[in-house]
Every structure is written in C-alpha cells, then in structure tokens.
Amino acid sequence: MSYVEIDTERCKGCFLCTALCPLKILAPSNSFNSSGYKPVELTDKSKCTGCASCALTCPDIAITVYRTSKTNSEKTNG
Amino acid sequence: MEEKLVFTRPECVVDRATHYCPGCQHGVAHRLIGEVLDEMQLADKSILVSSIGCSVFLYNYLHIDAVEAPHGRAPAVATGVKRARPDNFVFTYQGDGDLASIGMAEIMHCANRGENLSVIFVNNTVYGMTGGQMAPTTLEGQKTTTSPRGRDVLHDGNAIRMAEIIAQLEGTSYSTRVALDTVLHIKQTKKAIKKAFTLQNEKKGFGFVEILATCPTNWKMSSLDANERIAKELIPYFPLGTYKDIEQGAK
Amino acid sequence: MANERLFIKGNEAISRGALAAGCKCFFGYPITPQNDIPEFFSEEMLKTGGDFVQAESEIAAANMLLGAGAAGIRAMSSSSSPGMSLKQEAISYMAGSRVPAVLVNIVRGGPGLGDIGPSQGDYYQSTRGGGHGDYRLFVLAPSTAQEAYDLTIKAFDVAFKYRTPVMIQGDAILGQMKEPIVPWIPETLNNYDVDTWCLHGTKGRKERLVKSLFLNDGELAAQNLSLQATYDSWTSEVMYEEFECADAELIIVAFGSIARITKSTIRTLRAKGHKVGLFRPITLYPFPNEALENLAKQGKKFLTIEHNLGQMVDDVRLAVRRHADSDFFGFLPGNLPSPIDCEEPILKALKA
C-alpha cells in the first residue's frame, strides 16, 4: 500500500503536514528526536494514498512518499 | 501492484538539516527552487546571489555556485554577475526587508533595465533574522518588535505590494504573487518559479516571483496558526495572481 | 599605429588603460569631475563585446562590480569622493570576500558636497580601507595622464594577483587636464588562479561560494589573518619616485598632482642653489616606509605638502619617526595651487 517515511531527525515538529493531509492520518508522536522536537508519525498506514500533500508542505524535506498503484494490466483486468 | 517513489529530495538540494525555525516556509521555497533547477537542468550553470536575512544561508542548501550580496544589493550584484557571464543562469533570493526596504532602488532599476535574471522574493511581513522588526510589508495593526502597538499607517505608512509595482515597469517580463499555505498554492508557486526561470533561460528577460510565507517565531504563532494567517490576513492585502506576463495578457 | 600619441584627459587615459588591460565590464554613475570615464565606456565598452551599465547609484554600481569580480571577470567602477563614500560597504565586502576589482576615485573637494575642484582629502578613506573592518585597499596615485594609463593596467594585474579591490586615486586636476600619452597593450593579461575560485557554474566540479560571512569558531579570525598576510606581502609592490634627493637637505613628500606642482618649485629653488628634493609615493598603500626611513637615516629634513589639512603626513611621520619628523603644509580645497605657492613654505622649512 502507499505510505510515507518520516525522517524523525529532520522533522522539527511543525505539524504543517498534519493540517494538509487530506485524510488526517499524520499526528505528533510521543517521542522526541535528538534536537528535542516531537516528530510526526503516520497513524493509519492503510489509508495513505501517497498523495504527497504532506511532503509538499514539509519545510524540511523530512517526508519521503511511496505510492502503490495497480499496474496497467491489473487495471484493465479488474 | 507497483510501488513507486513519488516524492524525495531534489538532487541539487543538499542533504542536511536547515537552520530555519520549525514551520518556516523558506524551507519549502528552497525545495521548490531545487526541484525546478533539477527539472530544467540548470544547477550546473546557476549562480545564486543570496541576500542578507534568514535566507542568506540558502547557499548552504543548494549545490550551486553562489555569492553573498550586501543587504538589499542582490539585484545589483546579480546584474554584475549576469553582465559578466551572460550564459550563466543567475537568480536572487531575497526577503521583504532586503528587497522592499534598503534594496528598493536596486530591485526597481534591475527590473526596469529588464535584466535577464530572476528574483525570488519571500514576503513574510517581518525582518526575521534580526528578531521580528517591522518590514515594508508589515500589515496595518501587525505587532512587531518595532511596531509594538501594531503598525500605525499614519505613523509608519502602509504595507508595500511589490508584485504589482514591479509589474508596472516596462523592463519586467513576468511578475506574480503566490503563496505556500495550501497544496494548490505550493504547486502554483512551483509553476511560477519554473515560468520565471524559463523566461530567463530563453533570454526573455526579468522574472519576479513574490512568495507569501510564514514566520511563526516572529509572528509569535504556532506553525499551523501562522499558516492560516496567510489566507486570513496576507492574501486579502496581497492578492495572489500574475500581474504581468509578456507571453499572455496578464491581469 | 598601435602606439600613436594621444592628446587626452587623465580620465580618458584611465579608461583607455582599463580597455588595454582587458576590462570587460564597467559600472558607473554620473558625478563631476569623473564623468568622462562612464561616458567613454558607454561608447567604447560595447565595441569590445564587454558591457557598460549606468547604475541607479554608486552603491548599486559598486555591487555590480562585486558581482562581476565574483564571476572572475575584469571589471571597473569609477566615481568622485561623495560617490566613493557610498561605495564603501561594497568595497569592504570585496575585501572580505577576496573579490578582485578596480575602482577609480577622481577626488574632489569635501567634506559633504564640497566642490568639484581638486583635493586630496580622501587619502585617509582610501588608505585606511574606508569601510568597516580590518582591511586595506591597494592604492595607486598617478600624477600624469601617462602614469594614469600605466597604473590602471597594473591595477588589474594586482587585483587578480592578490584577489583584492585596487583603487586608482586621482583628482580633478589629473582627471580634467589634457596631456599627450603613448598607449600600449600588455603582451599578456594574467588572471593568475582565477579559474580555481571564480563562479561560472559547477559543471564538473563542486559548488563554490564567494562570501564574507564567517560565523563558525575561528573562521573570521582566520580570514582576517589571511587578508593581513596578503597586505604584508605588498611591500614587494611598493612604488615611489625620488627627484633630486641624494644631496637634498629638505625632502618634500607629496603625491599625485601636488607632487607635480612642487616638482616645478623644486626645479626653481634648485636653480637658486637650494638643496631640496621630492619624494613621491606612487603606491599610497603599501606606503613606501623603508625608502623614507633610509632618507631619514641620512639626516634629511621633511616637509609633507598635500591638498588637504594633513593626512599623508601621518604616514610620513610614522615612516621616519625613529630618525626625524615632518613639517606639513596644506593647500585648502577650493584653491588651485601653483608652483609659486609652494616656495614660501619650502623656504621656511629649509630654515627651520
């Protein structure tokens, strides 16, 4: 399924991504990184569509996005 | 099922943490520039002219040649670079204090001469690096460290709308204002940067992109509230849109 | 004929010297008495495939110069005193960023708006850096149109040899007076190690940065020490002229146009049997300390004559301090000194 990877060291806990995620599946985690920021985490990986809205708004390029989509053959054969 | 990497660090953006405050949208603007430089394969012929302000360190975050300009003088330094090496890709990256205050004469005349270079102007309505003083784009009533009771237009004048002013100059080929507060706006910003860079690359003259951005620390707001302020307060006073585009009938 | 004599102003001699030195960009702004220079380049520079910009201010012009220099291109900007004051921040940046550049100051009367007549009132500004921070400019002071041509060519060589801003300091006399010169073209134009540091796009190499901001521990200190080492090495570049000094009792120390005027006086007084000589610094920085000290060791007396209220006299006194002192006579701005005006102060100093 599609998912995002959070670089917890680069994340500064600004949480802009949590606002712009259309499915609201990003939220502050309970851990701290070495700079004392609370990195964000993906709360429900199953819902992520890989739309990358979070990555677009991240000022620190802390989010890498992987999108899983049906291959063309799967699309045509249903 | 096929898994694809759809979003990662642009090649010409340095893989390191930035010095910016959490939620500061300079980081987004930097990344968009990196993406466009990569897509247009301009990085290895680019020369950045960085200005004085929080964004002076952009040269630490891009794998391109750069020169540091004195406060406000980036458009003049860029003119010198471009006149000396016309085949290089030259752009400045400036804040509102740098461009619209001390550097006003330089940006006006650089645009008016129609210099074949691009200017990225990040407007976050305060002097960031020096601790949040009033800037030429500070809004009426906005509290800053030098307008503690809120900007009083009778005493301090009104905020200056640069994209419209630059659009009035004959030498300007493209002048637009964009923002970074929504996914749509971020995509528009990238398109605007690409448009300005393409104009330069095709020797079609001076491109100006004003980017509305947040400064959570000096606005004394959370990153999320600051981001909302863009739509609530900045965009109403600084309308988004293209004010001049020699390739189309602009607004 | 390559070196056919030309009868031109000092301003034009400087401009032609710059072209001979391969100057590719000129950034100017109107201010009397140096206007001939931007005017010349507005026509001639375009013929050479170079570029000319009349900037919106001297500040902008100096920053354009910073940009062209950072790109490793031979470029120049000229102005006169008030304009040169406006350029000081950019000059400090050029020094701090090790950017090669040539600047020309055709000095006029000051302070403030002053006048458009000759003066040497900018000596301190030129030789003490003029802007903020510990840095120096390499300052050359021509006294004839020919020398102005020659020293402009040298200025570009020094600028790239040491990666530093270089100043040609003239005055309204030098700038506006017409004289015959013999132009010449240097065989080679040496830009030294420019390709190892200049900005022209990272093709095939790591990115480069031309800057003067050093925040990490010890970085700024290191940069300052490196600049100072460069300035110390300039003693090998000192230039001066000695005229009738060997048996002189009194040495007149003067530079630029004033040196020429006093030279005429010295010829007149020599004819009357007075033992006077002229010591003319050509590099105002690096100052010719050693040569002056050698004269002082011989028991010479010194009289510094300038077109200001006493600036170079400080350096003369420093140079001879272990053996002698220097009297001073200053012409005031607004006056056009003539050789006769120098006789009385010289004779007085001879008797003292």
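Rule-based calculations on the coordinates, nothing more; no lab input. All of these numbers come straight from a predicted model, not from anything done at the bench. For neighbour counting, all protein chains shown are included, and Cβ atoms are generated from backbone atoms with ideal geometry for every residue, glycine included.
Some observations on this one:
- DSSP bridge pairs, the protein assembly as shown: antiparallel proportion in percent, nearest 5: 35
- Extension reserve of the B:LYS187-B:ASN201 stretch, reckoned as 0.36 nm per residue once the Cα distance is removed: 3.0 nm
- C:GLN298 versus B:GLU140: modelled label distance in nm, points set 7 Å from Cα along the beta carbon direction: 7.8
- Three-way shape label, segment B:131-243, alpha-carbon gyration tensor, a/c 1.5: oblate
- Around the amide H of B:PHE7, modelled in the peptide plane, lie the amide H atoms of A:VAL65, all under 5 Å away and 5 or more residues distant in sequence or on another chain.
- Counting Cβ atoms of other protein chains within 10 Å of each Cβ in C:196-209 and taking the mean gives 6.
- Of the peptides C:159-170, C:275-286, the order by per-residue mean of other Cβ atoms within 10 Å, starting with the highest, comes out as C:159-170, C:275-286.
- Among the listed pairs B:LYS4/C:LYS203; B:LYS82/B:LYS195; A:LYS70/B:LYS190; C:LYS47/C:LYS203, those whose Cα-Cα separation exceeds 24 Å are B:LYS4/C:LYS203; A:LYS70/B:LYS190; C:LYS47/C:LYS203.
- Antiparallel bridge percentage (DSSP; both residues within chain C; nearest 5): 25
- DSSP-defined antiparallel bridges as percent of all bridges, segment B:26-245, nearest 5: 20
- Binning the C-alpha pair distances of segment C:241-351 at 10 Å intervals from 0 yields a P(r) profile of 16, 54, 29, 2 %, listed from the shortest bin outward.
- Nearest-ten-degree value, helix C:219-233 long axis tilted from longest Cα axis of chain C: 50
- Neighbouring Cβ atoms from other chains, within 10 Å of the Cβ of residues in A:67-74, number 3 on average.
- Average Cα contact separation per residue, segment C:251-336, under 8 Å, 6 or more apart, as relative contact order %: 30
- For peptides B:104-114, C:37-47, sequence by mean Cβ density within 10 Å, most packed first: B:104-114, C:37-47
- Values of log10 I(q)/I(0), in the order q = 0.07, 0.13 Å⁻¹, for chain C under a Debye, Cα-only, solvent-free model: -0.29, -0.98
- Peptide C:54-60, shielding by other chains (average Cβ, 10 Å cutoff): 6
- With the simple model of a label 7 Å out from the Cα in the direction of the Cβ, B:GLN248 to A:ALA27 spans 4.2 nm.
- Extending 7 Å from Cα along the Cβ direction at A:THR76 and again at A:GLU9 yields two label points whose distance is 4.6 nm.
- With K and R counted +1 and D and E -1, the other residues having a Cβ less than 12 Å from that of C:LEU86 yield a net charge of -1.
- Between helix C:145-162 and chain C: long-axis angle, C-alpha atoms, 0 to 90°, nearest 10: 50
- Relative contact order for segment B:120-183, counting Cα pairs under 8 Å that sit 6 or more residues apart, in percent: 19
- Rg ratio for segment B:205-251: its Cα radius of gyration over 2.2 N^0.38 Å, N being its residue count, equals 1.48.
- Shape of segment C:14-120, Cα gyration tensor, a/c cut at 1.5: oblate
- Taking all Cα pairs closer than 8 Å and separated by 6 or more residues, the relative contact order of segment B:26-245 comes to 18 percent.
- Under 5 Å, built H, 5+ apart or other chain: amide partners of B:VAL90: B:ILE47, B:SER118
- Seen from B:LYS190, the other residues with C-beta closer than 11 Å to its C-beta sum to a net charge of +3, counting Lys and Arg as +1 and Asp and Glu as -1.
- Chain B, helix-only ellipticity at 222 nm - DSSP H runs n ≥ 4, -39,500 (n - 2.57), divided by all residues, nearest 500: -8500 deg cm²/dmol
- Helix axis angle, C:339-351 relative to chain C longest principal axis, alpha carbon, degrees: 60
- Computed from the alpha carbon positions, the gyration tensor of segment B:54-161 leads to an equivalent ellipsoid with semi-axes of 29, 16, 9 Å, biggest first.
- Cα principal axis extents for the protein assembly as shown, largest first, Å: 114, 52, 50
- Peptides C:121-127, B:150-156, ordered by how many other C-beta atoms sit within 10 Å of their residues on average, highest first, read C:121-127, B:150-156.
- Between segment C:102-146 and segment A:1-73, the alpha-carbon center distance in angstrom: 60
- A convex hull fitted around the alpha carbon atoms of segment B:26-245 yields 106 Å³ per residue.
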